[in-house]
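Shown next, in structure tokens, is the structure this report addresses.
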């Protein structure tokens, strides 16, 4: 019982103070003034004990505090025989404490939703059957069974396709489908039939375990909440005491001094600012952003300079197949053979190749006689054919064929990686892989600028040409390439001279910079590293634009806190002057201060409500339409790359427009219907989400330009012969169309499909 009282002390004090104040009022109205006075005195003493305890605690920690005003007001009420004023002040303090405790509990509840769902056991698949074991005993490479409705206990790779509810990690309510071979994070819920996974981390290193640690750290750093009033106490307390002393000296009446102290009881300072800031923590947590305390939220709100890493932050952090160029013929078969072989490889590029094949719906086979050559590639047999996948220098013994040399040269210009596929001793295809820019990264930078960030610096260890390309697309102010961790620290030190800094990163090498920045922001959607431990803000969703939303929430919460303090304390100062002039007695002053407190706290509670956002959330039907169009969009990727491949193969020495005619037919029957569907269905959805039709004007213009260029190509083929002049013109049109298509796809990724939850493992 004692423990329960301690846990709910604020509520107990509120109830007791309310009963004492109300009981005294009843006694007074029933002509029992002595009983009324006794009850009000008891209420005043209760408040005096609470305020005195808070003041002594502040003194013990050598922290200035405005609680001393409450102590003087309550003691003065007893001294001048104004117990009713003291009882009202006690109720005011008790009400404020309950509101502060409720706001803090709300934020803790939002953060604690993650920890409450942590699984304690896992189902290990063994030769003897299913064995339930403690989750801490699960190691790497084990097969686990996750039943319908169960939480995935450890990070792993799917054995078969499955559907998951990822809302606990991403905030997105719609179930997400994952293919066989995709990575799946611990903490998501199996929304389909039972599925097996092969673990890729130990339990202690998994995403969910790391998030639990982060949440616990955030909670520890959020409580006890340092009240914003303490920073104002140095000025406010002396001003109050001087005004009370002057009122007493001029009027010769101590009652005036007590009245000044009563109306000066600074609940707007004690409660309004903390409630607003804690409400901001709560809103950020619902967005998938864990902010480790009110101090971090205030620093994020004040930040004006951002230094950001590239790999895994502005880019996906994992390579994807960007293009497949063949020696001639269909690209699907070389890709299928390469993916079948790479299923058995642990190389970092093997997963993207397998994912690209599965995305095209290719049926993979089991490879035999597999041998992996470290640093070179992998060799094996697939369906009776000898396949090698790896570096061109390892596979090719002599000069590279012209088409291979051309692909490698283009990849060098783009900063891409290349993988050569050899089938039965013949180079069959060259794959180019890139770490793509996150589609939401440009929007994130624009939104951060609107929220108060005035300068963005990209600091990366990558080479200058790649870094400059990413910087131009995303829209940063300066690019620093070839950076070591020490270089990033030096960059932060320089940028700190311009304003408060934010550092954003996701790698172990970012941890020193994250710790040194005014605010360190880490991405932990794919598992926490040392960067998450060092950061002040952790994104648990795989969307970088969540940072911009969190920044906006922080700015709004701080603004509301200042508004509540300014209005509340402004009214309190007016009331203090009125009390000093004898216009307000202690009891009336206490009642008026209660009204001021309620007003200030009401202003602060606005921070709990969502602010006005430029981007409207998509509805379920709109999301489904965009998902279908994105699948079509991704499926047309090979056709887009075929435009460049056909153009590359055209020759004026041997004019042959048959491949161009086949391509033109595919563009008219596959590409144009998709672009028209985009214009009719995608553009209105994006316009509504972004709030204006002007935001999608560029999309509509490129839809029209694509149709125009395809029509021009058709007219050329209808009216021209297979001669050198027609070949030159066809090549010019194809290269122009290819450039427009690449730009348009980037626009759709950023403006349309960037509104959807991140896909992939």
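Worth a mention:
- By the count of neighbouring beta-carbon atoms within 10 Å, fewest first, 488, 292 end up ordered 292, 488.
- Relative contact order (%) - segment 320-434, alpha-carbon pairs under 8 angstrom, separation at least six: 31
- By average C-beta atoms within 10 angstrom, highest first, the peptides 390-400, 472-482: 472-482, 390-400
- Placing R0 at 56 angstrom, the Cβ-Cβ distance between residue 665 and residue 302 gives a FRET efficiency of 0.40 after rounding to 0.05.
- Fully extended contour minus Cα-Cα distance, from residue 366 to residue 239, at 0.36 nm per residue: 37.6 nm
- For 699, 341, 539, order by how many other beta-carbon atoms lie within 10 Å, fewest first: 699, 539, 341
- Segment 286-310 and segment 371-423 have Cα centres lying 44 Å from one another.
- Where N is the number of residues in segment 285-332, Cα Rg divided by 2.2 N^0.38 Å: 2.14
- Cα shape, segment 370-516, gyration tensor, a/c 1.5 rule: prolate
- Global geometry of segment 320-434, whether rounded, prolate or oblate, following the gyration tensor of its Cα atoms and the 1.5 cut on a/c: rounded
- In plain terms, if you count all Cα to Cα distances in segment 620-755 and split them into 10 Å steps from zero, the share in each step is 12, 42, 27, 14, 5, 0 percent.
- Extended-chain gain in nm, criterion 0.36 nm per residue less alpha-carbon gap, residue 700 and residue 12: 241.4 nm
- Ranked list, fewest to most other Cβ atoms within 10 Å of each Cβ, for 674, 374, 61, 665: 374, 61, 665, 674
- Label-point separation in nm, residue 487 to residue 708, each point 7 Å along Cα→Cβ: 4.3
Here, each number is a calculation from the coordinates, and none is a lab measurement. Values in this document were obtained by computation on a predicted structure and should not be read as measured data. A quick note on method: Cβ atoms are made from the backbone with ideal geometry, for glycine too, and the neighbour counts reach across all protein chains shown.
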